[in-house]
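**Student:** This is the structure, below, for whatever I ask next.
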Amino acid sequence: MRSAWVVLTGPVCSCIQLYTGLFFVAIFIAILRRRQPEIPQPAITPPPPATVPETSPPSSQQDDIAIDYHVPRLPYNEDTIVALISDIYHIYLQLNYIDPSEFVWAPLPDGHAINQTLCEELHLDPAVISLMKRLPYPLTPNLADDIPFMPLSRMFVYLQDDQIRAGRDPDRWGFEEPRLDFLLPHEIALCCETDQGIHIILDTKENTIRVWDFDDPPPEDDNGNDYRKLYPHHAPTYLASYINKLHSLEIIPIHWRGHRGLWDKHYTGMYPKIKKTLQEQYGWPYDFREAEWKAASKDTFEQLIHFG
Ligand SMILES: *[C@@H]1O[C@H](CO)[C@@H](O)[C@H](O)[C@H]1NC(C)=O
């Protein structure tokens, strides 16, 4: 009998001990957790800036998560814009999309010889004239036609007077006399659509870029399209995100049989093969074998595109 009792109660006792032990451990942990300092929560809405008048623009449905998040916006910085656009050209050079003989960097220290008289006649803001002097350009308007700067869109070549006039009216100059006062004096068109594509209009006062898309034009008013109603992107962020797309090959510069294009995933079939080749065989972007790619790119495109 006795041994049976022990056999029965032994496990029961140790169970009770075990549960009691666990109970105290749990209490101990709970105390420890309460003693840990609270992690401060970020304020959901920061106080509005008191002294900086220029703030982020109001919302537009198409843009970022940060739609209604107003912050003081840094002023326009010409060096930043020049650096970002130069980065795009550097990438185009690395990937053998453009040849060094096809475009021109701004000469130091004074930049390109832009027609100052014409710019002043057009009442262009000094910031616009100064930027025109510092940007890299395709050598001629014909080359600009052939070498998209952004998908389906061409650069203006402000080295030439006609292009300075054209740039004042990026939407119409290809078809009719450009309206010379269409853009504001402190705005500059960086590129324009060809048959499709986008006009990119930089506002040097706001430090913003408006993207006028052929497929989704701005609303019309009495004077034509009211592109100022388009969402004003923070200019450096817009250009930097384009550079990111080139780094990630979301957009691939293609130079094949004399054709230039900026391809994306809509070029089904070819696009993933070229992307994989550039990344895995040539190490784009961080182990990039530039010389090898330059030597092989034409044949590689030939094989991938022509023979699939
Ligand atoms: C600059 O533009 C003005 C005004 O259109 C023109 O008269 C002048 O010939 C141009 N200068 C040069 C060097 O092309």
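**Student:** Can you give the log10 of the normalised intensity I(q)/I(0) at q = 0.11, 0.17 Å⁻¹, computed with Debye over equal Cα scatterers of the range 75-245?
**Tutor:** -0.41, -1.07
**Student:** How big is Rg to Rh over the range 267-308, alpha-carbon atoms, Rh as the Kirkwood inverse-mean-distance radius?
**Tutor:** For the range 267-308, the value is 0.97.
**Student:** Could you check the simple spin-label distance between Ala295 and Asp221, using points 7 Å along Cα→Cβ, in nm with one decimal?
**Tutor:** About 5.8 nm, to one decimal.
**Student:** Please report how far the C-alpha centroid of the range 169-219 lies from that of the range 292-308, rounded to the nearest whole angstrom.
**Tutor:** 35
**Student:** A 19 angstrom limit on the alpha carbon distance is what I want to check against. Which of Lys276/Lys298; Lys245/Lys276; Lys245/Lys275; Lys245/Lys273 exceed it?
**Tutor:** none
**Student:** Quick one: accessible area per residue over the range 267-308, 1.4 Å probe, rounded to a whole number of Å²?
**Tutor:** Computed with neighbouring chains in place, this is 64 Å² per residue.
**Student:** Compute from the Cα atoms of the range 158-298 the Rg and the Dmax, the latter being the longest Cα-Cα distance, and quote both in angstrom.
**Tutor:** My reading of the Cα-based Rg and Dmax gives 18.1, 55 Å.
**Student:** Still on this model: I want the local charge near Lys298. Using Cβ-Cβ distances under 15 Å, sum +1 for each Lys or Arg and -1 for each Asp or Glu among the other residues.
**Tutor:** Summing Lys and Arg as +1 and Asp and Glu as -1 gives -2.
**Student:** Okay, moving on. Taking 35 Å as R0, compute the FRET efficiency from the Cβ-Cβ separation of Leu74 and Leu180 and round it to 0.05.
**Tutor:** E between Leu74 and Leu180, to the nearest 0.05, is 0.70.
**Student:** While we're looking at this one, here's another question. In the range 212-293, what trypsin sites (Lys or Arg not before Pro) fall in a loop by DSSP, with at most 15 other Cβ atoms inside 10 Å?
**Tutor:** When the trypsin sites (Lys or Arg not before Pro) of the range 212-293 are filtered for loop state and at most 15 Cβ neighbours within 10 Å, Arg257, Lys265, Arg289 remain.
**Student:** Follow-up question, since we're still on this one. Given a 1.4 Å probe and every protein chain left where it sits, what share in percent of the accessible area of the range 75-245 is carbon and sulfur?
**Tutor:** C and S fraction of accessible area: 50 percent.
**Student:** So, in nm, how far is label Asp110 from label Asp287 when the simple model puts each one 7 Å beyond its Cα toward the Cβ?
**Tutor:** Rounded to a tenth, the inter-label distance reads 4.8 nm.
The values are calculated or read from the model by the stated rules, or taken from the named source; none is laboratory data. Everything numeric in this text was worked out from a predicted model, so none of it was measured. Cβ: placed from backbone, ideal geometry, glycine included. Neighbour counts: every protein chain shown. Calculation scope for accessible area: heavy atoms of the full protein, side chains included, ligands and nucleic acids excluded. Shrake-Rupley method; radii C 1.70, N 1.55, O 1.52, S 1.80 Å.
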